[in-house]
Amino acid sequence: MDIASSPRSKRYGYIELGTGKASLNKRSWFLLKFLSSLFLVVWFCEFLVYYLVIMQCKWPVLKSTPDQDNASPLKAMFLSDTHLLGAIRGHWFDKLRREWQMERSYQSALWLLQPDIVFILGDLFDEGKWSNTKSWDEDVARFRRMFRHPPHTELLVVVGNHDIGFHYEMTRDKLNRFEKTFNLTSGKVVTRKGINFVLVNSVALEGDNCAICRAAERQIIEASLKLNCSRMRGEPPLLQNCRGVEPLPPSAPILLQHYPLYRKSDSECTGEDSASQDEKNNLFQERYDVLSHEASEKLLWLLQPRLILSGHTHSACKVLHRGRVPEISVPSFSWRNRNNPSFIMGIITAANFSLEKCFLPTENSVILIYTAAGTLLAFYLVFHSLTTYLTYSSKEKPV
């Protein structure tokens with residue numbers, strides 16, 4: 001007689017032992033499927049979604065013009081207001097979440113788009129204006145890890161009010177610390193592929209003759225002289241003034257700064273990432289929300305830019321100055337400030353440029369995916385638990 005089928009085996013649980021092993025295998029298989037599903041949801045929302053969204057962005061097409069040079073265009077990315085949280089106001093989870101989002105977005109964009117150069121238009125840090133040396137070094141180390149880049153891509157930054165403080169908080173030590181860390185000289189002309197970029201410390205353009213303000217204005221005047229001498233090279237009236245001036249490519253510059261030039265408000269700004277209707281009704285305060293009218297006119301007159309890119313407002317806007325000079329306000333790159341962050345992609349030559357916006361995954365979309373997936377997994381868990389309970393209950397009934 002078979003041992004497993006004998007009455008004695010039933011009494012001592014041989015069949016029950018085999019059933020227990022089968023049940024253990026079923027539970028293990030369920031647990032594996034549940035954890036795998038959970039892992040796939042997290043992997044999609046925290047890694048893959050950035051690639052899927054950014055891969056839809058394409059570099060803009062540059063319209064050819066009769067005076068366009070034959071040099072290869074520069075592929076540039078512009079982003080702003082990353083606001084890395086510091087030791088004072090930064091909750092650890094908020095800091096972890098926002099920095100992971102920005103790091104994954106930035107690294108995905110670099111891998112997919114392969115830009116030549118990246119500009120960050122100020123407010124890299126949220127608490128740079130308050131940071132002591134230890135906190136500053138820690139914030140800089142996190143920034144360098146998040147915004148690391150391959151050797152063929154260059155990263156340049158512009159100073160913002162949260163990096164060194166508003167005008168009344170700004171000190172020479174804070175400014176020197178920022179410029180030394182990022183190898184930056186405010187008012188500097190950076191030339192790449194025959195294209196001139198002017199990086200301005202807009203926080204210092206107060207016009208009140210403070211020491212830092214005088215230095216900033218002097219640097220802008222020196223940049224203006226270099227640019228004007230280069231554009232009007234060989235003309236007799238300028239020969240005397242341009243002796244010993246460093247030659248630059250004879251192209252109109254692109255102005256990069258944190259504060260926007262003067263405008264009354266964002267009332268004329270359009271687009272899904274422009275300010276809310278309530279914010280558009282607020283009038284801007286000069287020297288706080290935007291540069292003063294006087295400083296704006298001085299920059300336009302001295303530098304004669306062909307394009308201006310700025311940050312600070314955390315919302316998108318496009319305005320025309322003097323009816324011909326476009327200024328693009330770049331929204332914040334941080335989900336802490338916006339539900340739909342973005343950055344600007346530019347194809348630029350010495351004679352022409354074309355810009356395109358690239359949106360990042362929206363916070364609402366990621367939350368919705370987590371909510372839907374969590375609900376399905378919860379239903380699956382309840383269904384499995386109920387089925388298992390009913391199965392065991394039927395087996396335990398006496399025959």
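The table that follows gives values for the structure above.
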item	result
Alpha carbon convex hull of the range 261-399, projected area averaged over orientations, nm²	13.2
Coarse-grained scattering of the chain at q = 0.07 Å⁻¹, given as base-10 log I(q)/I(0) from a Debye sum over alpha-carbon atoms	-0.43
0 to 90° range, to nearest 10: angle between helix 363-395 axis and the chain longest Cα axis	10
³J(HN,Hα), Karplus 6.51/-1.76/1.60, whole Hz, each residue of the range 312-318, x for Gly, Pro	6, 7, 6, 10, 7, 6, 10
Amide H partners (placed H, <5 Å) of HIS321, local residues excluded	GLU327
Candidates ILE347, ILE328, ILE367, ranked by Gaussian network fluctuation over the chain, Cα under 10 Å, top entry	ILE367
Charge dipole magnitude, Cβ of K and R +1, D and E -1 - the range 93-166, Cα centre, debye nearest 20	240
Point-charge dipole on Cβ atoms (K/R +1, D/E -1) for the range 263-355, about Cα centre, debye to 20	280
Cβ-derived FRET efficiency at R0 35 Å, GLN107 paired with THR387, nearest 0.05	0.20
Cα point-scatterer Debye curve for the range 149-193, base-10 log of I(q)/I(0) at q = 0.16, 0.27, 0.29 Å⁻¹	-0.51, -1.04, -1.12
Degrees separating the helix 172-181 axis from the principal Cα axis of the chain, which is the longest one	60
Helix 133-146 axis, angle to the chain major axis (alpha carbon atoms, nearest 10°)	70
Fraction of antiparallel bridges per DSSP, the chain only, in percent to nearest 5	50
Probe 1.4 Å - accessible area at HIS293, Å² to nearest ten	90
Two-site FRET efficiency, LEU96 against ASN241, from Cβ-Cβ distance with R₀ of 35 Å, rounded to 0.05	0.05
Residue-wise HN-Hα coupling along the range 289-298, computed from phi with Karplus coefficients 6.51, -1.76, 1.60 (Hz; x: Gly, Pro)	8, 9, 5, 5, 4, 5, 5, 5, 5, 5
In Å, descending, principal axis extents of the Cα set of the range 147-261	45, 41, 25
Charge dipole (debye, nearest 20) of the chain; +1 at Cβ of Lys and Arg, -1 at Cβ of Asp and Glu	1480
Using θ = phi - 60° and Karplus 6.51 cos²θ - 1.76 cosθ + 1.60, couplings along the range 209-224 (whole Hz; Gly, Pro as x)	6, 5, 4, 5, 5, 5, 5, 5, 5, 5, 5, 5, 5, 5, 5, 4
For ASN196, distant residues with modelled amide H under 5 Å away	ILE254
Residue order for TRP301, TRP59 - accessible surface, 1.4 angstrom probe, largest first	TRP301, TRP59
Solvent-accessible area per residue for the chain (1.4 angstrom probe, square angstrom)	53
Unit charges at the beta carbon, dipole of the chain: most positive-side option, THR181, LEU256, PHE39	PHE39
Distance histogram in 10 Å bins (all Cα pairs of the range 240-305, percent per bin)	18, 35, 28, 12, 7, 1
SER265 long-range amide H proximity, modeled H, under 5 Å	PHE284
Residue-averaged [θ]222 nm for the chain, counting only DSSP H segments that reach four residues, each worth -39500 (n - 2.57)	-13500 deg cm²/dmol
Nearest-0.05 FRET efficiency for SER37 and SER354, computed from C-beta distance (R0 45 Å)	0.55
Above-threshold pairs, the threshold being 25 Å between Cα atoms, out of LYS75/LYS264; LYS58/LYS95; LYS63/LYS318; LYS95/LYS129	LYS75/LYS264; LYS58/LYS95
Of all accessible heavy-atom area on the chain, the percent that carbon and sulfur account for (1.4 Å)	59
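The values are calculated or read from the model by the stated rules, or taken from the named source; none is laboratory data. Everything quoted here is computed from the prediction, not taken from an experiment. Glycine also receives a Cβ, built like all others from the backbone with ideal geometry; neighbour counts cover every protein chain displayed. Note: areas computed on protein heavy atoms with side chains; ligands, DNA, RNA excluded. Shrake-Rupley method; radii C 1.70, N 1.55, O 1.52, S 1.80 Å.
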